[in-house]
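The values are calculated or read from the model by the stated rules, or taken from the named source; none is laboratory data. All of these numbers come straight from a predicted model, not from anything done at the bench. Cβ placement follows ideal geometry from the backbone for every residue including glycine, while neighbour counts extend to all protein chains displayed. Ligands, DNA and RNA are stripped out before the accessible areas are found, and what is left, the full protein with its side chains, is counted by its heavy atoms. Shrake-Rupley method; radii C 1.70, N 1.55, O 1.52, S 1.80 Å.
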Amino acid sequence: MRRLLPHPLLTVSLALLWLLLVNQLSAGHIVLGALLGWLIPFATSRFWPEQIRVRHPLTLLRFLIVFVIDIVRGSFHVAYLILLGPARLRPVFVAVPLALRSDLAISLLANTISLTPGTVSAHLSADKRTLIVHTLDTDDAAALVAEIKQRYETPLKKIFEQED
Amino acid sequence: MIDILLSVLILTGAIFTFIGSLGLARLRDFYTRLHGPTKATTLGVGCLLIASALYFSVREEGVSLHEVLVTLFLFITAPVSAHLLAKAALHLKVRSLAATPPDNDAAD
Amino acid sequence: MLSTVIPIAFALVSLAFLLSFWRLLRGPDAPDRILALDTLYVNTIALLVLLGIHLGSAIYFEAALLIAMMGFVGTVALCKYLLRGDIIE
């Protein structure tokens, strides 16, 4: 099983991407998409060293909902700050200590931070232990770090890293 | 009904696109300017693309979803480019309003 | 309703285009210019999508997809160049 279908999640998403790209749902394209989704992971297997395993699908779903809400919230927040003008901003660099260890979870956390209210991840330290985050406007850096850890890092750790 | 929804989506998208670029032109240092395009512009163009998908799904028979592909692509790539740009700026020691982080080993 | 909204949207996106272009010319640093260029790509996608709705034709979608991909690769390559002084290692 592992050898015939090394990355099932990748296969499914590639097949879906193919159907979106051709923009029609015919039997031929479903077969072609499935075939592409099956073959491409073999050709690119060196880019996928770790097996992706989702442990808590419900937590993932809740995380995705929080994520979408925060994207909208973040955009409105940033738009409001831009319209207020540059004089009112209090930009700060904060260092977020990471509890995550896998590359996938860290990159997902960094991307989430960049898309959510007033924060952009700027730099990951060489030992992958701290993430430098730039925030547009904050008066309490410690609370911001706590919010990032509680809101995004805890579910990501539960989904991708926790052994149970 | 669909017309109203489409108009709202298009207007919201255009306004967010505009605000993103306004931030890019108006704010005072590179790191604050980074926020406008990554968030406001991405959501704005996302709204426009969804409006387009809706428009073509209603006008022609059959669902048109390939605009979702561009939306997904933009939402995946926007934070990556923002991260790389911020990293490059830290490396080049671009002037910043905020104190730059102490353990700045951005050279790697 | 759509026929009044689309010109307004065109005007807003064009203004966004001009503002990004101003930042591209003004700088002052290399990352600012790359960021402006990246925003210009995204603004172009917005303009193309609006044009597609305005003309009622779906052929502009492929152009938008290509610009999104090429824009991302271009931004990453330029950032790599700033970080390492080299694009392909």
query: Looking at segment B:22-64, which of its residues are among the charged types (D, E, K, R) and out of contact with any Asp or Glu (no Cβ under 9 Å at 6 or more places or on another chain)?
result: B:R26, B:R28, B:D29, B:K39, B:R59, B:E60, B:E61
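Here is a yes/no grid of residues against (1) within 23 Å of the chain's Cα centre (by Cα); (2) at pLDDT below 75; (3) closer than 13 Å to C:F72 by Cα:
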| site | (1), (2), (3) |
| --- | --- |
| B:G62 | no, yes, no |
| B:L65 | yes, no, no |
| B:L69 | yes, no, no |
| B:I76 | yes, no, yes |
| B:A88 | yes, no, no |
| B:L92 | no, no, no |
| B:D105 | no, yes, no |
message: Being at the interface with another protein chain (Cβ under 9 Å from one of its Cβ atoms), outside any helix (DSSP H, G or I) and either buried (at least 19 other Cβ atoms within 10 Å of the Cβ) or not polar (S, T, N, Q) (or both): is that true of C:A58 here?
response: yes
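Conditions (1) under 30 Å from B:L90 (Cβ atoms); (2) at pLDDT 90 or above, marked per residue:
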residue: C:L2; (1), (2): no, no
residue: C:H54; (1), (2): no, no
residue: C:A63; (1), (2): no, no
residue: C:F72; (1), (2): yes, yes
residue: C:L83; (1), (2): yes, no
residue: C:I87; (1), (2): yes, no
field: Residues located in segment A:72-91, provided they are surrounded by fewer than 19 Cβ atoms within 10 Å (Cβ to Cβ) and out of contact with any Pro (no Cβ under 7 Å at 6 or more places or on another chain)
entry: A:V72, A:F76, A:Y80, A:L83, A:L84, A:G85, A:P86, A:A87, A:R88, A:R90
task: Look through segment C:7-51, keep the residues that are among the charged types (D, E, K, R) and open to solvent by 50 Å² or more (accessible area, probe 1.4 Å), and return whichever of them is nearest to the other protein chains (Cβ to nearest Cβ).
output: C:D29
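Yes/no per residue for (1) in contact with a helix residue (DSSP H, G or I) (Cβ under 6 Å, 6 or more places away or on another chain); (2) modelled with pLDDT under 85; (3) in a loop (DSSP other than H, G, I, E, B):
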residue	(1), (2), (3)
A:W18	yes, no, no
A:V31	no, no, no
A:L36	yes, no, no
A:I40	yes, yes, no
A:Q51	no, yes, yes
A:V68	no, no, no
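Conditions (1) closer than 22 Å to B:F75 by Cβ; (2) open to solvent by 70 Å² or more (accessible area, probe 1.4 Å); (3) not assigned by TED's automatic domain parsing to the domain that holds A:L115, marked per residue:
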{"position": "A:L16", "(1), (2), (3)": "yes, yes, yes"}
{"position": "A:L19", "(1), (2), (3)": "yes, no, yes"}
{"position": "A:A27", "(1), (2), (3)": "no, yes, yes"}
{"position": "A:L36", "(1), (2), (3)": "no, no, yes"}
{"position": "A:L39", "(1), (2), (3)": "no, yes, yes"}
field: Search result, residues across segment A:116-147 that are open to solvent by 10 Å² or more (accessible area, probe 1.4 Å), at pLDDT 80 or above and under 16 Å from the mean Cα position of the chain (by Cα)
entry: A:L124
- prompt: So, of the residues in segment B:38-71 that are among the hydroxyl-bearing types (S, T, Y) and assigned to a helix (DSSP H, G or I), which turns out to be surrounded by the fewest Cβ atoms within 10 Å (Cβ to Cβ)?
  reply: B:S57
query: For segment A:92-122, what are the residues that are out of contact with any Asp or Glu (no Cβ under 8 Å at 6 or more places or on another chain) and at the interface with another protein chain (Cβ under 7 Å from one of its Cβ atoms)?
result: A:V92, A:F93, A:A110, A:N111, A:S114, A:V120, A:S121, A:A122
- prompt: Which residue pairs have Cβ atoms closer than 8 Å, lie 6 or more positions apart in sequence or on different chains, and pair a first residue in segment A:1-30 that is within 19 Å of B:E67 (Cα to Cα) and among the hydrophobic types (A, V, I, L, M, F, W, C) with a second residue that is open to solvent by 90 Å² or more (accessible area, probe 1.4 Å) and modelled with pLDDT under 85?
  reply: A:L19/A:L25
query: With (1) facing chain A (nearest Cβ under 10 Å); (2) of a type in the set (A, V, I, L, M, F, W, C); (3) part of a helix (DSSP H, G or I) as the list, and B:A98 as the residue in question, which single condition is left unmet?
result: (3)
